[in-house]
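Asks: Shown below is the structure under consideration.
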Amino acid sequence: MSLKKYLLFFAFLFLCSCAEYSKNNKTFVNQTNLFSSKGFALIYSDQNYYDKIVNRKIDNTKLVVGHSKLKKNTLIKIINPTNSKVLNLKISKNLIYPKVFNIVISKKVATSLELDLENPYVEIFEQKLADLCEVKFSVGVNSGTDALFLALQVLGIGPGDEVITAPNSFVSTASAIKLSGAIPRFVDVDKSYNIDTNQIEKQITNKTKAIIPVHLTGRPANMSPIIELSEKYNISVIEDAAQAIMAKYNNKPVGSIGHIGCFSFHPLKTLNACGDAGAITTNNKLIYEKLLTLRNLGLKNRNNCESWSINSRLDSIQASILNVKIKFIKEWTYTRRKNAEIYNKSFSNMNEIILPPENENNYSVYHTYVIQVEKRDELKQYLDEHGIGTAIHYPIPIHLQKVANELGYKEGSFPNAEKQSKNIISLPIYPELKNDDLTYIIQTIKRFYL
Ligand SMILES: Cc1ncc(COP(=O)(O)O)c(C=O)c1O
C-alpha cells in the first residue's frame, strides 16, 4: 500500500471511530470498546508495540489493561503501522478487566497528516481543560511526565535544589525531579495514600524549592497545610494531578490549588487519549507564556530559540480525541464513584479488607479503587484465574527502586508507603462495569476469604 493510501486508511479508521462514537457514546471510552461488542477488537498499534507483540516479548507488565469486557475467543486484530499487515490474536478466556495491548495511533500518522500546533484542536482542548479545572491557562504537552518536568523547568528548579514529594507515586514524579537536576526528598504517606502533611516541614531546608503533592488514586492530597507551608517558606507547589482530573479539594478542582497542575491523558487515565498526552494548568500568565515556548524547544518563533528545551508538543490528533472525550468525563467520573460506593458497601463488614478512605471535604475520582488486604498476591492470582484483572499501583515504592539507591534511602525509611505497597490491590472500577460484573467481582472476593 502506498504511503498516501496508508494514511487515508488510518484517517478513515479514525473517522469511523468518531462516527461510531456519535451513534453510541457509551462505547467510546477506550478504542477497544468500539469493536469488542462485534466479536473482535481492532487495535491501532505503533511499530514498537507491534514488534513486541509479534515477538511475544510482552509480559504481563507490558500488557495494558483495557476498559471493556472481552469474551473468550474475541479476535484481536493488530495493525502493523508500516505495512498495514494485520495480526490476529484470540482472547483465551473471558476477561472482565482485559489485558489488551496499548492502543496507539502512531505519532507518525499524526505528523504525516500534517496536524501540527497551528491546528486549533490543541487550543480548543486547552480552553476546555482550563474551564474544567477552573484556571486561567492550560498548556497541552506530550505526557504527564513532561508536564512535571516542564513545570520544574519553568520555575527554574535545577541542580542544587530539592523537591519534596511522596515515595509511593508512579516513578515518573521522581524521574521528573531528577531529570531537572534537582534532588527528590521523600516524605511518607498516611492512610489516604497521600503525602503526610504533618511530616513535610521537617524535610524543608534552604534548598527546598518545591513540593509536589500527588493526588494518588484520584484522591486529593491534603492541600491546605501544603499551601500554608509554601507561603511560610516561599516554596512552589506543583500538583501531580496525573490521576485526578475532576477531583476536588474543599470544592476546588485539583490543578487549580497550587501554582501549577500537571495532568496525564495516557490511555489508562480517566480522561485518556489514544497514546501519550498531558497538560499543565496555571493561573500565572508569565508561567503560561514561558511554557508555550518551553514545550516547543524554547522557540520563541520559527527561527529564534530563547532557552534549551525539549519537544513536548501535544499531538493534534490526541487533542481532537480528548476534545471528544472531555464531554463525558463528568458522567464517567460519576459512574466511577458509584462503583466505588457499591464496593464500599459490599465490603464494609469484612475485616480482611481495608477500604479506601473517604473524606466529605474531598471529591475523589477513583482513577483506581485500591483496597488493602492480607494475602494480597494470593487474592490477585485467584481473581486472575476467575477472569478478573487487577493491578498493583505500585509494588515497589520509588525510594526502594534500584535507580534510587543513590538517594540514600533504605527499607524502613517510609514505613507506611512500604507496608501499603505489600497489601494494596486495585480492583476494576471503570465506568462500563455492569452491576452484574460488580456482583461477580464482589462475590469472587468474598468467596476467596470464606
Ligand atoms: C501519579 C502520576 N504521575 C505522573 C504520571 C506520568 O504521566 P505519563 O504517563 O503521561 O507520563 C503518571 C502516569 O502514570 C502518574 O500516575
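Asks: Please find, within the range 285-295, the residue that is nearest to the ligand (Cβ to nearest atom) out of those that are surrounded by fewer than 19 Cβ atoms within 10 Å (Cβ to Cβ) and touching a residue at least 40 places away in the same chain (Cβ under 8 Å). Lay out the reasoning, then the answer.
Replies: As a first pass, look at the range 285-295 and keep what is surrounded by fewer than 19 Cβ atoms within 10 Å (Cβ to Cβ): 285-286, 289, 292-293.
Subsequent filtering for residues that are touching a residue at least 40 places away in the same chain (Cβ under 8 Å) retains 285, 292.
Numbers: Lys285: 25, Leu292: 19 Å.
Among residues in the range 285-295 that are surrounded by fewer than 19 Cβ atoms within 10 Å (Cβ to Cβ) and touching a residue at least 40 places away in the same chain (Cβ under 8 Å), the one nearest to the ligand (Cβ to nearest atom) is Leu292.
Asks: Can you tell me which residues in the range 235-259 are in a loop (DSSP other than H, G, I, E, B), within 13 Å of Arg219 (Cα to Cα) and within 16 Å of the ligand (Cβ to nearest atom)?
Replies: If the condition is that a residue be in a loop (DSSP other than H, G, I, E, B), within 13 Å of Arg219 (Cα to Cα) and within 16 Å of the ligand (Cβ to nearest atom), then Ala241, Ala242, Gln243, Ala244, Ile245, Met246, Ala247, Val254, Gly255 are the ones that fit.
Asks: How many residues does the range 357-393 contain that are farther than 14 Å from Thr444 by Cα, within 20 Å of the chain's Cα centre (by Cα) and more than 16 Å from the ligand (Cβ to nearest atom)?
Replies: The qualifying residues number 3.
Asks: Would you be able to say whether some residue in the range 296-305 is in a loop (DSSP other than H, G, I, E, B) and either within 16 Å of the ligand (Cβ to nearest atom) or under 19 Å from Asp315 (Cβ atoms) (or both)? Spell out the reasoning first.
Replies: Start the filter on the range 296-305 by keeping residues that are in a loop (DSSP other than H, G, I, E, B), which leaves 297-298, 300-304.
Next, only the ones that are either within 16 Å of the ligand (Cβ to nearest atom) or under 19 Å from Asp315 (Cβ atoms) (or both) stay: 297.
Scanning the range 296-305 turns up at least one residue that is in a loop (DSSP other than H, G, I, E, B) and either within 16 Å of the ligand (Cβ to nearest atom) or under 19 Å from Asp315 (Cβ atoms) (or both).
Asks: Let me ask something additional. Among (1) among the β-branched types (Val, Ile, Thr); (2) closer than 22 Å to Gln153 by Cα; (3) within 12 Å of the ligand (Cβ to nearest atom), which single condition is Ile310 missing?
Replies: (3)
Asks: Just a yes or no: is a residue in the range 260-278 away from the ligand (no atom under 16 Å from the Cβ) and outside any helix (DSSP H, G or I)?
Replies: Keep residues of the range 260-278 that are away from the ligand (no atom under 16 Å from the Cβ), which gives none.
Looking through the range 260-278, none of the residues is away from the ligand (no atom under 16 Å from the Cβ) and outside any helix (DSSP H, G or I).
Asks: Here is a further query. Of all residues in the range 159-189, which are among the β-branched types (Val, Ile, Thr) and within 16 Å of the ligand (Cβ to nearest atom)?
Replies: Step one: list which residues in the range 159-189 are among the β-branched types (Val, Ile, Thr), which gives 163-165, 171, 173, 177, 183, 187, 189.
Once the filter is applied, which keeps residues that are among the β-branched types (Val, Ile, Thr) and within 16 Å of the ligand (Cβ to nearest atom), the range 159-189 yields Val163, Ile164, Thr165, Val171, Thr173, Ile177, Val187, Val189.
Asks: Find the residue count for the range 181-202, including only residues that are hydroxyl-bearing (Ser, Thr, Tyr) and under 21 Å from the mean Cα position of the chain (by Cα).
Replies: So the answer is 2.
Asks: Here's a follow-up. Asn349 - would you say it is outside any helix (DSSP H, G or I) and under 23 Å from Leu438 (Cβ atoms)?
Replies: On the way: outside any helix (DSSP H, G or I): yes; under 23 Å from Leu438 (Cβ atoms): yes.
The answer is yes for Asn349.
Asks: Take Ser316 and tell me if it is surrounded by 21 or more Cβ atoms within 10 Å (Cβ to Cβ), at negative phi and at pLDDT 95 or above.
Replies: Spelling it out, it is not the case that Ser316 is surrounded by 21 or more Cβ atoms within 10 Å (Cβ to Cβ), at negative phi and at pLDDT 95 or above.
Asks: Residue under question is Gly140, and the condition is that it be among the small types (Gly, Ala, Ser), within 16 Å of the ligand (Cβ to nearest atom) and more than 29 Å from Asn416 (Cβ to Cβ); does it hold?
Replies: On the way: among the small types (Gly, Ala, Ser): yes; within 16 Å of the ligand (Cβ to nearest atom): yes; more than 29 Å from Asn416 (Cβ to Cβ): yes.
So Gly140 passes the test.
Asks: For the range 126-233, which helices (runs of 4 or more DSSP H) that fit wholly inside it have 3 or more residues that are surrounded by fewer than 24 Cβ atoms within 10 Å (Cβ to Cβ)?
Replies: Details: elements: 144-154, 172-180, 223-233.
Per the criteria, 172-180, 223-233.
The values are calculated or read from the model by the stated rules, or taken from the named source; none is laboratory data. Quantities reported herein were computed from a predicted structural model and do not represent experimental measurements. So basically every Cβ, Gly included, is an ideal-geometry build from the backbone, and we count neighbours across all protein chains shown.
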